[in-house]
Amino acid sequence: MKKILLYILLFLFQFSGIAQNNDEALKANLKKHISTLASDAYEGRETGTKGEKMAYQYITDAFKKAGLEPKGETGFLQPFTFTRSTKPGLNNSIKINGTLFKLSDDVYPLAMSGNTSSVGTLTKVGYGIHAPQLGYDDYKDLKNLDKKIFLIQMSYPDGESPHSKYAAYDLRTRIDSAIAYGAAGVIVVNSNKETEDPKQIFKNKITPVNIPVLFVKAAAKEKLNEGEMWFIEMAAELIKEEATGHNVIGFINNNAKNTVVIGAHYDHLGFGDDESSLYRGAPAIHNGADDNASGTAALIELAGILKKSTDKSNNYLFIAFSGEEKGLLGSNYYTKHPTLPLEKMNYMINMDMLGRLKHDSSTVIINGVGTSPAWKITMDYIKIDSLKTKTTESGVGPSDQTSFYLKDIPAIHFFSGTQSDYHKPSDDEPLINYVGEARIIDYILQLIHRLDDKGKLEFTKTKDDSNENTPRFKVTLGVIPDYAYEGEGMRIDGITEGRPASKAGLLQGDVVIQLGDYVVTDMTAYMKALSMFKKGDTTKVKVKRGNEEVNAEITF
């Protein structure tokens with residue numbers, strides 16, 4: 001008996017030594033990966049840039065070294081296109097009674113303008129606000145508006161104030177109303193000294209309208225004050241620059257029935273030009289050591305470990321996503337263009353920001369545990385040193401697990417917590433807690449090991465904490481928008497059971513184009529429309545379903 005105990009103690013001692021040595025090697029490897037990916041040479045790894053290319057080449061080489069099979073569309077890579085930027089073209093001009101004004105600081109297109117031209121007589125429509133519920137309507141006494149060029153004043157009837165009762169009627173909402181009244185084009189002027197002129201910022205997420213929209217001031221504005229009849233010839237041109245992002249995909253084929261997906265996004269904010277940056281200084285490289293070189297480093301290491309693992313009841317698909325910072329573009333694209341059948345996917349583990357585990361609490365956050373009953377049951381048996389866990393139920397969150405949850409795949413997200421350097425140039429490698437990240441990886445390995453012989457996990461829908469259900473809204477439609485969608489309207493990527501959209505019979509893939517009296521041209525217009533309703537209101541919703549338009553009644 002003593003001899004048996006001696007052998008057991010000797011085995012445990014040897015195992016502990018191996019684990020410690022492996023842990024030291026793991027931390028060294030993590031440091032190597034993060035130091036490389038988060039170096040200035042990679043220029044912040046913005047999607048579609050030289051830095052992204054350097055990063056995907058590094059990850060590809062690491063996957064090859066780990067012995068993974070390529071599972072992209074071109075080797076390890078899966079390319080996808082997106083709109084990188086929008087800028088004014090040369091064909092922006094307005095001719096007023098024969099006097100030509102070309103693109104300049106005094107004449108320029110607004111971000112929602114269509115790439116088109118128009119001619120017609122001018123009609124002044126005041127502020128262009130149609131708000132009958134507020135007892136105000138600039139269009140009430142106007143007639144014969146079809147095919148006219150509308151002149152719209154900025155500001156509000158009660159003056160420039162964020163507390164104006166007309167604040168919901170922003171310029172986009174007014175232009176949508178103008179189109180509904182038959183406008184062939186819109187000219188915007190600013191006659192209120194307290195109101196700032198619209199900035200020449202051309203956001204990629206704004207869906208354009210189908211008419212030209214120009215802002216004019218100075219000489220062009222003065223020309224509009226001459227006489228009472230104006231014949232307008234106007235043209236607007238906004239050029240979209242397309243770019244290509246790349247997912248990196250590797251595969252361990254254990255000839256199993258199902259496949260486990262392990263993912264992390266490797267892109268970041270480049271020089272901080274992206275609207276997501278929280279830095280307000282001059283452009284600077286956002287290295288993104290924690291976000292998300294840390295998750296990418298863990299992905300690479302897990303690939304090498306699981307290649308040698310005895311856990312063979314599942315295949316393993318490793319995906320380094322790009323475009324996450326621009327709206328989950330890479331994961332959204334993958335789930336719509338999978339390189340393996342989605343129905344064969346067992347579950348998904350996403351790692352986003354694993355590098356800043358707090359020393360005082362040592363708590364890792366695991367989001368999405370409500371997506372399968374197996375998560376909590378299994379996690380109750382996992383113990384890693386002093387590592388603590390905090391869990392949330394929802395399968396929806398601002399990272400790539402959401403794309404898989406929306407395809408009915410159990411999906412969780414590991415996250416070491418928020419930190420003050422988030423989306424700033426100061427998110428650098430020396431701040432990484434390698435001991436903490438190694439513990440999180442050990443936890444993930446134990447989770448995978450314990451699930452290895454459990455078969456395919458049961459999927460469950462969760463109560464989703466989507467962005468639309470925020471304090472600024474009194475109601476929710478109960479849908480998850482497709483943030484990668486660039487067409488007209490708001491496309492539904494997921495629906496929560498028992499909520500208004502579900503009860504009204506709306507379906508995943510429907511494109512909301514009108515909510516009540518409000519035209520929905522994009523996400524911004526959708527949120528504006530949603531903010532106009534309160535709990536208990538009943539209204540109509542119009543969606544495009546394939547080539548058909550479907551009307552339904554919604555009660556909030």
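The values are calculated or read from the model by the stated rules, or taken from the named source; none is laboratory data. All of these numbers come straight from a predicted model, not from anything done at the bench. We place every Cβ from the backbone using ideal geometry, glycine too, and count neighbours over all the protein chains shown. We work out accessible area using only protein heavy atoms, side chains counted, and drop any ligands, DNA or RNA first. Shrake-Rupley method; radii C 1.70, N 1.55, O 1.52, S 1.80 Å.
A few notes on this one:
- For segment 244-311, Kirkwood radius (reciprocal of mean inverse C-alpha pair distance, Å): 14.5 Å
- Highest mean packing first, where packing is the average number of other Cβ atoms within 10 Å per residue, the peptides 128-141, 244-257 line up as 244-257, 128-141.
- DSSP beta bridges fully contained in the chain are about 65 percent antiparallel.
- Highest mean packing first, where packing is the average number of other Cβ atoms within 10 Å per residue, the peptides 114-123, 380-389 line up as 114-123, 380-389.
- Here segment 111-137 is scanned for amide nitrogen atoms under 16 Å from the site 7 Å beyond the Cα of residue 191 along Cα-to-Cβ, giving 122-129.
- Here's how it looks for residue 72: its modeled amide H is under 5 Å from those of 77, 249, which are all 5 or more places away or on a different chain.
- Here r is the Cβ-Cβ distance between residue 538 and residue 387 and R0 is 45 Å; the resulting FRET efficiency, rounded to 0.05, is 0.35.
- With a Förster radius of 41 Å applied to the beta-carbon distance between residue 74 and residue 503, the computed FRET efficiency rounds to 0.40.
- Across all directions, the average flat footprint of the convex hull enclosing the Cα atoms of segment 394-459 is 5.8 nm².
- Length released on extending from residue 278 to residue 550, taking residue separation times 0.36 nm less the Cα-Cα span: 93.9 nm
- Equivalent ellipsoid dimensions for segment 393-530 as semi-axes, Å, which come from the Cα gyration tensor, largest first: 34, 22, 12
- Candidate values [x] 0.98; [y] 1.05; [z] 1.15, label of the one derived for Rg/Rh (Cα atoms, Kirkwood Rh): [y]
- Alpha-carbon Debye profile of segment 103-258, log10 I(q)/I(0) at 0.10, 0.12, 0.21 Å⁻¹: -0.41, -0.55, -1.51
- Going by accessible surface with a 1.4 Å probe and the largest first, 112, 351 read 112, 351.
- In terms of packing, defined here as the mean over residues of other Cβ atoms within 10 angstrom, the peptides 454-461, 311-318 line up highest first as 311-318, 454-461.
- Inter-label distance for residue 426 and residue 454, nm, one decimal - labels placed 7 Å from Cα along Cα-to-Cβ: 4.0 nm
- Helix-derived mean residue ellipticity, 222 nm - over the chain, DSSP H n ≥ 4, -39500 (n - 2.57), to 500: -7500 deg cm²/dmol
- Listed residue (357, 114, 210) projecting farthest to the positive dipole end of the chain, Cβ model: 357
- Compactness of segment 368-430 was expressed as the Cα radius of gyration divided by 2.2 N^0.38 Å, which yields 1.35.
- Alpha carbon convex hull of segment 469-556, projected area averaged over orientations, nm²: 5.0 nm²
- Based on the Stokes-Einstein relation at 4 °C and a viscosity of 1.567 mPa s, and on the Kirkwood radius from alpha carbon pairs, segment 302-365 is assigned a translational diffusion coefficient of 89 µm²/s.
- Over the C-alpha trace of segment 236-364, radius of gyration and Dmax come out as 17.3, 62 angstrom.
- Using a Förster distance of 22 Å, the FRET efficiency for residue 312-residue 376 (Cβ separation, nearest 0.05): 0.30
- For segment 324-476, DSSP calls about 25 percent of its internal beta bridges antiparallel.
- Backbone N within segment 75-99 under 19 Å of label point (7 Å from residue 229 Cα along the Cβ vector): 95-99
- Kyte-Doolittle at least 0.0, axis length at least 20 Å by Cα - qualifying DSSP helices, the chain: 2-37, 434-451
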